[in-house]
1. Identify, from the list S28, S4, S69, the residue that is surrounded by 10 or more Cβ atoms within 10 Å (Cβ to Cβ) and either outside any helix (DSSP H, G or I) or at pLDDT below 90 (or both).
2. Does D56 satisfy the criteria of being modelled with pLDDT of 90 or more and surrounded by 10 or more Cβ atoms within 10 Å (Cβ to Cβ)?
Amino acid sequence: MKTSLAVFGAALLAATLPACSDRAQEESREAGDAIGSDIEQAGDDAVQATEEAADDAGAAARDLGRDISEGADAAADETGEAMSEAGNRIRD
């Protein structure tokens, strides 16, 4: 009887091990899929942030170029006025 009970217990244990293994494999696959999805989302977020930063840098460069141009125009105007005033003083 003890031998039959031991054989039954071993058979029961052997029958449940593959089920646990299948369950563990499924959970591992699901975890892997979740990690893959997280990595893909992080990559997408990084691409979006990079594109936004590039757009911001482009806008800043355009603004800087406009400011330099306006500053150069103002400096040229003031230089022209100063030269005109100097010429007028020399004539007088």
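The values are calculated or read from the model by the stated rules, or taken from the named source; none is laboratory data. These numbers come from a predicted model, not from an experiment. Reconstructed Cβ throughout: ideal geometry from the backbone, glycine too, with neighbour counts over all protein chains shown.
1. Of the residues listed, the single one that is surrounded by 10 or more Cβ atoms within 10 Å (Cβ to Cβ) and either outside any helix (DSSP H, G or I) or at pLDDT below 90 (or both) is S28.
2. So D56 passes the test.
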